[in-house]
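If you scroll down you'll find the structure; I have some questions about it.
Here, each number is a calculation from the coordinates, and none is a lab measurement. Here the structure is a predicted model, which is why all the values come from computation and not from measurement. Cβ placement follows ideal geometry from the backbone for every residue including glycine, while neighbour counts extend to all protein chains displayed.
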Amino acid sequence: MINCDLEGKTLKVGLVGTGYAAQRRAEAFQNSSSSELISVVGNSVENTQSFCNTYNINSMSSWQELVNDSSLDLICICNVNRDHGSIVRGALLADKHVIVEYPLTVNPEEADSLINLARQKQKLLHVEHIEILGGVHQALKKHLSDIGTPFLARYSTILSKQKVAPHWTYSYDYYGFPFIAAVSRINRFTDLFGEVETVNCNARFWDAPENGYFSSCWCQAQLSFKNKMMVTITYGKGEKFKTSDRTLEIYGDEGTILFEGEKGKIIRGKEEIEIEVDSRRGLFAQDTQIVLEHLTTGKSLYIENTASAYSLKVANATLQSYKNREIINL
């Protein structure tokens, strides 16, 4: 329970980051009557100034200055993964509500302490997981029973990107281990199938010419769930891949669900039934509005931060499995 009365109040918001997610958040906050975007802090002076000009807001010199601004009610964190945990902790200690894009932290062992701190401070700590709101996941949940009892799944997301320039999403330090950075891949399945029993993971990285960066990566994890479900998740990106792929397939004892990109179908022998999938557009705005309604009216959120923390625990097991070359029992 959040111990504050925000009913009818316009929430003053501070933003960390100036990239794509931050831009969508800025638009959502400015389009809502429940919030007012006040200030932003970014990594680049040039990008931050451009952001301020676009949204007509102020800039801060550091995230520490931002979270300690007594006029702000809510901090939204959209910057490099490495810094999420530190900024979340700083914002909570400064008695702010927090939205953070996944992952909550690149140090999964820190997740529980951040959640406990939010409880102690009686502040909201919301971890964005728009994959749960997305059309593919909602269609999956709607039609999963149409294929009987699921027992096997595979999910592949490959991004072909030639001539990769140094960017934080290809930085070992800023991005983190791919299944932690892209924990949504795991969270999608823990949301559907519950707790994981064992994890096995392999990975490969190709170093970029620039120190501390990779030009390509490939990771594959096998998750064995307590309900006997088996899921293989493949994540890859960079210049080594000449084609991209986004395929999700779930096998049940009465049929198969197949998604290729946003197009889905149920397959039962020779019968194929198309699945209607809602657009992916507007998900950051939807997530933002859900949080604002939660803070101002008490309306339920679509995901608990403990669910995200559990997915991070599984993601950390993929890292340990890769590093130690062993199957990890959870």
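To the nearest 20 debye, what is the magnitude of the charge dipole of the range 193-313 about its Cα centre, counting +1 on the Cβ of each Lys and Arg and -1 on the Cβ of each Asp and Glu? Before the final figure, lay out each step's value.
Details: 15 positive and 19 negative charges, 52 e Å.
Dipole about the Cα centre, nearest 20: 260 debye.
Per residue of the range 52-59, in order, report the coupling 6.51 cos²θ - 1.76 cosθ + 1.60 (Karplus, θ = phi - 60°) as ³J(HN,Hα) in whole Hz, putting x for Gly and Pro.
Couplings: 4, 5, 5, 9, 6, 10, 8, 10 Hz.
Continuing with this model, one more query. Can you tell which of L74, S33, L104 lies farthest toward the positive end of the dipole of the range 1-105, using +1 and -1 charges on the Cβ of basic and acidic side chains (Lys, Arg; Asp, Glu)?
Going by the Cα projections, it comes out as L104.
What dipole magnitude, in Debye to the nearest 20, does the range 126-281 give about its Cα centre under +1 on Lys/Arg Cβ and -1 on Asp/Glu Cβ?
Around 320 debye, computed over the range 126-281.
Do any of K121/K237; K141/K270; K123/K237; K123/K263 go past 28 Å between their Cα atoms, and which?
Values: K121/K237 39 Å; K141/K270 23 Å; K123/K237 37 Å; K123/K263 39 Å.
Over 28 Å apart, Cα to Cα: K121/K237; K123/K237; K123/K263.
What length, rounded to one decimal in nm, is gained on full extension from E326 through to K9, with 0.36 nm per residue of separation minus their alpha-carbon distance?
Taking 0.36 nm per residue and subtracting the Cα distance, the gain is 108.9 nm.
Taking the Cα centre of the range 88-127 as the origin, how large is its charge dipole in debye, to the nearest 20, when only Lys and Arg (+1) and Asp and Glu (-1) carry charge on their Cβ atoms?
On the way: 5 positive and 5 negative charges, 48 e Å.
Computed charge dipole of the range 88-127: roughly 220 debye.
If you take the charge dipole of the chain about its Cα centre, with +1 on Lys and Arg Cβ and -1 on Asp and Glu Cβ, which of C201, F151, Q49 is farthest toward its positive end?
So the residue we want is C201.
Cα gyration tensor of the range 227-330, axes a ≥ b ≥ c as square roots of the eigenvalues: rounded (a/c below 1.5), prolate (a/b > b/c) or oblate? Walk me through the numbers before you get to the answer.
Numbers: a/c = 1.60, a/b = 1.10, b/c = 1.46.
Oblate is the answer for the range 227-330, as a/c is 1.5 or above yet b/c matches or exceeds a/b.
Write down the percent of antiparallel bridges among all DSSP beta bridges whose residues are both part of the chain, to the nearest 5. Mind dumping the intermediate values first?
Details: 47 of 76 bridges.
Percent antiparallel among DSSP bridges in the chain is about 60.
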